[in-house]
Amino acid sequence: MEMNIALLPGDGIGPEVINQAVKVVKAIGERFGHQITFTEAIVGATAIDQVGNPYPDATHNICLQSDAVLFGAIGDPKYDNDPKAKVRPEQGLLEMRRKLGLFCNVRPTFTFPSLLHKSPLKQERIEGTDLVFLRELTGGIYFGEPRGRNEQGTKAFDTNIYSVEEIERLARMGFEFAQKRRKLLTCVDKANVMATSRLWRETVQRLAPEYPDVTVEYEFVDAVAMRLIQWPKAYDVLITENLFGDILTDEASVITGSMGLMPSASLGLTTKLFEPIHGSYPQAAGKDIANPLATVLSAAMMFEYAFGLMDEANAISDAVNLSLEEGVVTEDISDGGKSYKTSEIGDWLVKQIQKKKSILM
Ligand SMILES: NC(=O)c1ccc[n+]([C@@H]2O[C@H](COP(=O)([O-])OP(=O)(O)OC[C@H]3O[C@@H](n4cnc5c(N)ncnc54)[C@H](O)[C@@H]3O)[C@@H](O)[C@H]2O)c1
């Protein structure tokens, strides 16, 4: 297959982790006989520094013309520490999601047997967790207008707004995901208090009869925040609005054990995008110590969701699992034992993928 992939490394550790994903994707291309072309583009603080815009038109056009986007991370302390900065890297992220119509962020949460002890949660509670969040990504309070301050600057406001159309397209994806999995869908809202949440619930209730094989549960976000770390195995597919999803998916990363392990996919109206859930981890930038596995696993999701290639996706997940089992890990999950550099992990994964090729040949 021919694949055109846009690479948006971004800031901080973004370029380092993207480099490892690229090595792995190239190795997969060689093993399975795909022709893969990469086109790199700027985003985030790097793009502000170069052209004054965190998501330049040139980058957007490259994304639109590609079959998939691999994204690293954005963010720089010089903007984090300057609340008055007029242009911010995060605006680039929101603009990219909006312009590419990426309304559904898919965030799987699962455990790795060799890392169960890394989680602060009890092993018996989390072992076997396999859930996926579908977070609405282009609506709600992060985008709603009006927003801002009164004239005196003494009051601030944001607007949470959702249309039936926005809820329905996300909910339908939720039902379809559930149909391919354990057929349980949880709608996470705050319908006892918020009008937007009542519209969410009403819309999901209207759609439910179209998916009779899926059991639907409705749960308030505060209850989910609790139950998610008490009994994560109770969940299969969860759908929720932008703000709730942002918070709950970071909470869910505790189950896996490290931010450096969690991949995600953003799906919607145009090119699909794949990115780790972590940020630019500026403290580690340039040190070759960041965990690249979340980005590598995002590349696995790319093969599955953008190209429908499960063998390729599984080959990456298998190599990642093996690296964890054999202790070929970065310092964030090495428990003070031997640790490897970001680039060494990438090279090791490539060798595993190549080894399998020679066994098969
Ligand atoms: N999608 C994105 O690009 C995104 C997401 C979140 C934050 N950010 C931005 O990133 C910058 C830093 O934010 P933050 O410190 O809150 O979040 P962060 O995810 O960058 O880092 C939080 C902590 O998680 C751990 N961590 C994250 N990635 C890791 C990796 N690959 N390997 C090992 N450990 C890892 C580190 O302990 C780190 O201190 C900010 O500018 C923020 O705005 C960007």
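Worth pointing out:
- Among Ser114, Gly257, Leu100 - extreme Cα towards positive end, dipole of the chain, charges at beta-carbon: Ser114
- Cβ charges +1 (Lys, Arg) and -1 (Asp, Glu), total dipole of the chain, debye: 160 debye
- Positive-end residue of Phe175, Ile28, Asn314, charge dipole of the chain with Cβ unit charges: Phe175
- Separation in nanometres of the label points that stand 7 Å from Cα toward Cβ, at Asn81 and Ile247: 2.9 nm
- The residue among Met194, Ile229, Val216 whose Cα reaches farthest toward the positive pole of the charge dipole of the chain, with charges on the beta-carbon of Lys, Arg, Asp and Glu, is Val216.
- Gaussian network model of the chain, Cα within-10 Å springs - most flexible of Gly308, Gly148, Gly268: Gly148
- Placing +1 on the Cβ of every Lys and Arg and -1 on the Cβ of every Asp and Glu, with nothing else charged, gives segment 5-130 a dipole about its Cα centre of roughly 220 debye.
- Spin-label model distance (nm) - Lys183 vs Val164, 7 Å beyond Cα toward Cβ: 2.9 nm
- Fewest-first ordering of Trp231, Trp200 by other beta carbons within 10 Å of each residue's beta carbon gives Trp231, Trp200.
- As a proxy for reagent exposure, Tyr211, Tyr235 were ordered by neighbouring Cβ count within 10 angstrom, fewest first; the result is Tyr211, Tyr235.
- Which of Asp222, Asp311 has the fewest Cβ neighbours within 10 Å, and the rest in rising order: Asp311, Asp222
- Remark: segment 120-256 projects, on average over all directions, an area of 9.3 nm² (convex hull of Cα atoms).
Throughout, read-outs are computed from the coordinates displayed, never taken from laboratory work. Because the structure is a prediction, the values reported are computed rather than measured. In this analysis, Cβ positions are derived from the backbone assuming ideal geometry, glycine residues included, and neighbour counts consider all displayed protein chains.
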